[in-house]
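**Student:** This structure is in structure tokens; I'll ask about it shortly.
Taken together, the values in this text are just the output of simple stated rules run on the coordinates, not laboratory data. Being a predicted model, the structure only gives us computed values, none of them experimental. Cβ: placed from backbone, ideal geometry, glycine included. Neighbour counts: every protein chain shown.
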Amino acid sequence: MSAGFVTERLAGAVGVARAAVLLREGKLVAFGTETVYGLGADATRPDAVAAIFAAKGRPHFNPLICHYADAEAAFADVVADATARLLAARFWPGPLTLVLPRRVTCRVALLAGAGLETLAVRVPAAGQDLLRAFGGAVAAPSANRSGQVSPTSAEHVLAGLSGRIAAVLDGGPCPVGVESTVLDLSAGRGFLLRQGGVPEEAIVDAIGPVGRGITPGQAETTRNLRSPGLLVSHYAPGLPVRLGATEAADDEAALAFGALPSGGAARFQLSGGEDLAEAASRLFEGLRWLDRAGLRGIAAGPVPDRGLGRAINDRLQRAAAPREGPR
Ligand code: TXA
Ligand code: MG
């Protein structure tokens, strides 16, 4: 659907400068990070942040991650304890998001944090040139329509948001391919809200055991309030997804980690050499490519549940979940 203007496609140093100007004007600019493309706006402008929710069709209660050029800039907006500083030193720039208490001086629009007293901050490894050129906090969810598969290329962004955003800054394909790991440190102890580009094992190696997204007895509604993006049905292709498939029917598409199962009208191998990092980087591309009219569903083969495989399985489970709630 077109909102009446042409989305500029930007690249290179000239594109970075233009993208920074657009952000300063309060416009929406999608840009590549190492995980997925983000839909960026000046985080301090409520009008620009509101435009993100409108362009995505995203429920307003789902808070956004703020992106910074470095840890010093991020920690000027949130209160970082020793654990946060240790994790930042080890994993930033990189695919880790930390949820921390907002400082009273934080100028990020309340809407960006959906009114929560915490703020999710991250220093991405890619997209640095834009963050430096802009010089402030950039609020950015994944640059897809709400509930759809996250984009890992400028083409994916345009397929969903062309005509709805001012520009896309083409940074090439995203090397990690799944979203950042989201770790809540606001309650003192680490609490893993989303599996992502930094494997849980690496976090545990750095700071010891962490809690998981769903604590026993925590009601679904409470969980959703804590991190609404954890809504079960999310990241979904149009076709239903069948998990743990060891074979595919003639009217199904087949998605496999290593060896492809027999059958399948369309087939996509995540990693011939069974490399989890390569598989993660190709996951969303594969889901998009297999999502074809006329087929019954996507048969997804098993993926080892370790390292980046945890994030892959998390996204596949969401893609397979029954459709309910905001998507
Ligand atoms: O890799 C990524 O994280 C990408 C790139 C663009 O940086 N961004 C991304 O954003 O995946 P988004 O909006 O699709 O997911 C952000 C997640 C959601 O699950 C949201 O609920 C959670 O972070 N989140 C954001 N702020 C939070 C907060 N204050 N407390 C708890 N969860 C929060
Ligand atoms: Mg998203």
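**Student:** Enumerate the calculated ³J(HN,Hα) couplings along segment 283-290 in order (Karplus 6.51 cos²θ - 1.76 cosθ + 1.60, θ = phi - 60°), each rounded to whole Hz, writing x wherever the residue is Gly or Pro.
**Tutor:** 4, 5, 4, x, 4, 5, 5, 7
**Student:** What FRET efficiency would be calculated for the residue pair Ser162, Leu110, taking the C-beta separation as r and a Förster radius of 51 Å, to the nearest 0.05?
**Tutor:** Details: r = 30 Å, r/R0 = 0.58.
Calculated value: 0.95.
**Student:** For the chain, with the dipole built from +1 on Lys and Arg beta-carbon atoms and -1 on Asp and Glu ones, taken about the Cα centre, which of Pro141, Leu116, Cys174 lies farthest toward the positive end?
**Tutor:** It is Leu116.
**Student:** Let me ask something additional. For segment 178-183, just list the computed ³J(HN,Hα) in residue order, Karplus coefficients 6.51, -1.76 and 1.60, θ = phi - 60°, integers in Hz, with x standing in for Gly and Pro.
**Tutor:** These are the phi-based 3J(HN,Hα) values: 10, 5, 5, 6, 10, 10 Hz.
**Student:** Here is a follow-up. Enumerate the residues in segment 148-178 having an amide nitrogen under 16 Å from the point lying 7 Å beyond the Cα of Ala277 toward its Cβ.
**Tutor:** From segment 148-178, the list is 174-178.
**Student:** Could you please state, rounded to a whole Å, how far the C-alpha centre of segment 67-96 is from the C-alpha centre of segment 1-54?
**Tutor:** Value for the Cα centre distance between the two parts: 23 Å.
**Student:** Fully extended, how many nm does the chain gain between Arg306 and Glu72 (0.36 nm per residue separation, minus their Cα-Cα distance)?
**Tutor:** Length gained between Arg306 and Glu72: 81.1 nm.
**Student:** Using a Förster distance of 35 Å, how high is the FRET efficiency between Ala11 and Asp205, based on the Cβ-Cβ distance and rounded to 0.05?
**Tutor:** Working: r = 37 Å, r/R0 = 1.07.
Rounded to the nearest 0.05, the efficiency is 0.40.
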